[in-house]
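Derivation of every value follows stated rules applied to the coordinates shown; laboratory data play no part. Fair warning: this is a prediction, and the values are worked out from it, not measured in the lab. Using ideal geometry, Cβ is built from the backbone for each residue, glycine included, and neighbour counts are taken over all protein chains shown.
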2 protein chains.
Amino acid sequence: MKTRRSDRLVDMTRYLLERPHQLISLSYFTKRYDSAKSSISEDLTILKRTFQNRGTGILETVPGAAGGTRFIPYILRENAEQFVNQMCTDLSEEDRYLPGGYVYMSDVLGQPRILNEIGRIMATQYLNDPIDVVMTVATKGVPIAQSVAFYLGVPFVIARHNAQITEGSTVSVNYVSASTERIERMALSKRSIAPNSRILIVDDYMKGGGTISGMRSLVDEFDSQLVGVSVFAEGAYSGERLINRYTSLLHVDTANKQIDVQPGNYLDQIFGDQNLTVKGKEK
Amino acid sequence: MKTRRSDRLVDMTRYLLERPHQLISLSYFTKRYDSAKSSISEDLTILKRTFQNRGTGILETVPGAAGGTRFIPYILRENAEQFVNQMCTDLSEEDRYLPGGYVYMSDVLGQPRILNEIGRIMATQYLNDPIDVVMTVATKGVPIAQSVAFYLGVPFVIARHNAQITEGSTVSVNYVSASTERIERMALSKRSIAPNSRILIVDDYMKGGGTISGMRSLVDEFDSQLVGVSVFAEGAYSGERLINRYTSLLHVDTANKQIDVQPGNYLDQIFGDQNLTVKGKEK
């Protein structure tokens, strides 16, 4: 049965939103809705316009026999800024202060809608920089990795401090924790990453960068390439960090037992003084 | 500027899909699209029809001044069955066998789209059984918890074997691992769950049920109520399980070093011999 345009628009929107970065052939849609190619093309024009006007993402059209359409989510500067500022306010609440100068963030990082926003924001940085795999370390980086990986349309892998029997053979590395100067160890399942993968490392929190330098060693061990490092929050750190090139959404300082949360370097790095351009087109 | 119907349909679909279980007032949409209430109502009728026809979920209408609309995602039996069967095939690959009778599943549980399906399937069981919080234990249950929590529109919390400084004060419990008979310990941040919460426990894998019985003790410690236990896979187990009432998507047997993955008890439990009904309406 032929589908009405309005029904097609609703269902196509859902179908594409659930599959970021996946190429969907036009003929898939013509069959799904028993509709002519010309109708589907008109539908896609409407989706493309609305996605652009609302800052949802790009609907890319790939011409040719092997072509189709691909949804690439992003976030606009204005929305990213709003989210970061909201996080600064929420995480600055006094009673979040923990002994040792830490900030309680588990409740915030246990909210799927917030995690989705974090993922969408982090993924926007890699619009033109293909990623094959997102890597994180257990435990609190996991939900962030999952969300970024969804928006990039790729899998994620979890390094662990204590290798589990359910991981099979693993590759392990030693690294020095920058803050405690202790030697630590992390492992990753041997079959989890193909050689020559382009890897994005994400984590919830970075202080001296020790844990992330451990993951960087893992990237090397897997003969792969580190494309970027994105953390939700960086903590104020007086020493020299083991990681120089990274992106942070937030900067957290807890000197004098006062929590001070400010925007990290993300907004400047990504949007800087010019607008973000996507494959030559201005957003 | 007034928005065209086609644009409204696309954007409303996105907006609602991103916010499962959240009540959105009609006036929010009339303002967002500068459109009359009657137009928005017509749009919602279209969305409702398409969501139902395509097995996406229910679009509930709440009448009255404090009313609005609420999207409740579910999965149809046919789609759930298809997914479970696909998992049985994928996880039965010979080279997944690990020493000790385990099955390598980390690659599958590192794919966001698969996790989304798992979440949607597990959430369908609790359509009429409100959940306040999803609980899991680090590490491999985390992505599942995140996904289920998204579809239920609630937060998730992560119990850990090694309490972290970033969790603040914690509540700990001891439990006996059913398979190793060792005593283990897990902890959960004290401020993570309000008393009298209705809790759903999820995990990736259950054998004797020891870990899950540990989480059940945590539920008690937080003066809360256990509503259900959902696991991605249950392993064949000859002894008596510490947990009787649970739902599994898959049943994994590795006797004689052969992997045999069959559907778990989910499909029968949820869909049984009658169709799933939602608030009196048949799906």
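Restricting attention to segment B:128-142, does a residue exist that is under 10 Å from the mean Cα position of the chain (by Cα), buried (at least 22 other Cβ atoms within 10 Å of the Cβ) and on the phi < 0 side of the Ramachandran plot?
Checked segment B:128-142: at least one residue is under 10 Å from the mean Cα position of the chain (by Cα), buried (at least 22 other Cβ atoms within 10 Å of the Cβ) and on the phi < 0 side of the Ramachandran plot.
Would you check which residues across segment A:6-48 are at the interface with another protein chain (Cβ under 7 Å from one of its Cβ atoms) and more than 21 Å from B:Gly57 (Cβ to Cβ) and list them?
A:Ile46
Does segment B:73-115 hold any residues that are within 12 Å of chain A (Cβ to nearest Cβ) and of a type in the set (Val, Ile, Thr), and which are they? Explain how you work it out, then say what you get.
Taking segment B:73-115 as the starting set, the residues that turn out to be within 12 Å of chain A (Cβ to nearest Cβ) are B:73, B:93, B:95-115.
The answer is B:Val103, B:Val108, B:Ile114.
Going by what's in this entry, would B:Ala138 be described as within 13 Å of another protein chain (Cβ to nearest Cβ), under 17 Å from A:Lys140 (Cβ atoms), in contact (Cβ under 8 Å) with a residue 12 or more places away in the chain and among the small types (Gly, Ala, Ser)?
On the way: within 13 Å of another protein chain (Cβ to nearest Cβ): yes; under 17 Å from A:Lys140 (Cβ atoms): yes; in contact (Cβ under 8 Å) with a residue 12 or more places away in the chain: yes; among the small types (Gly, Ala, Ser): yes.
Here the answer is yes, as B:Ala138 does meet what is asked.
Give the residue that is nearest to A:Leu91 (Cα to Cα), with candidates limited to residues of segment A:189-225 that are assigned to a strand (DSSP E or B) and out of contact with any Asp or Glu (no Cβ under 8 Å at 6 or more places or on another chain). Break it down into steps so the answer makes sense when it comes.
The first filter runs over segment A:189-225 and keeps only residues assigned to a strand (DSSP E or B), leaving A:189, A:198-206, A:225.
Filter once more, so that each one left must be out of contact with any Asp or Glu (no Cβ under 8 Å at 6 or more places or on another chain): A:200-204, A:225.
Numbers: A:Leu200: 25, A:Ile201: 23, A:Val202: 20, A:Asp203: 17, A:Asp204: 13, A:Gln225: 33 Å.
Only one residue fits best here, namely A:Asp204.
Can you tell me which residues in segment B:174-194 are among the β-branched types (Val, Ile, Thr), surrounded by 14 or more Cβ atoms within 10 Å (Cβ to Cβ) and away from chain A (no Cβ under 14 Å)? Can you show your working first?
We begin by selecting, within segment B:174-194, every residue among the β-branched types (Val, Ile, Thr); these are B:176, B:180, B:183, B:193.
Still in the running and surrounded by 14 or more Cβ atoms within 10 Å (Cβ to Cβ): B:176, B:193.
B:Val176 - this is the single residue of segment B:174-194 that is among the β-branched types (Val, Ile, Thr), surrounded by 14 or more Cβ atoms within 10 Å (Cβ to Cβ) and away from chain A (no Cβ under 14 Å).
What do you reckon, is B:Ala145 farther than 13 Å from B:Val202 by Cα, in contact (Cβ under 8 Å) with a residue 24 or more places away in the chain and either more than 9 Å from chain A (Cβ to nearest Cβ) or within 8 Å of the chain's Cα centre (by Cα) (or both)?
On the way: farther than 13 Å from B:Val202 by Cα: no; in contact (Cβ under 8 Å) with a residue 24 or more places away in the chain: yes; either more than 9 Å from chain A (Cβ to nearest Cβ) or within 8 Å of the chain's Cα centre (by Cα) (or both): yes.
Answer is no for this residue.
Identify, please: which residue in segment B:155-166 is within 24 Å of the chain's Cα centre (by Cα) and either facing chain A (nearest Cβ under 7 Å) or without any contact (Cβ under 8 Å) to a residue 24 or more places away in the chain (or both) and is, among those, farthest from B:Tyr102 (Cα to Cα)? Can you show your working first?
At the first step, the residues of segment B:155-166 found to be within 24 Å of the chain's Cα centre (by Cα) are B:155-161.
Those left that are additionally either facing chain A (nearest Cβ under 7 Å) or without any contact (Cβ under 8 Å) to a residue 24 or more places away in the chain (or both): B:155-158, B:160.
On the way: B:Pro155: 30, B:Phe156: 27, B:Val157: 26, B:Ile158: 23, B:Arg160: 22 Å.
By that ranking, first place goes to B:Pro155.
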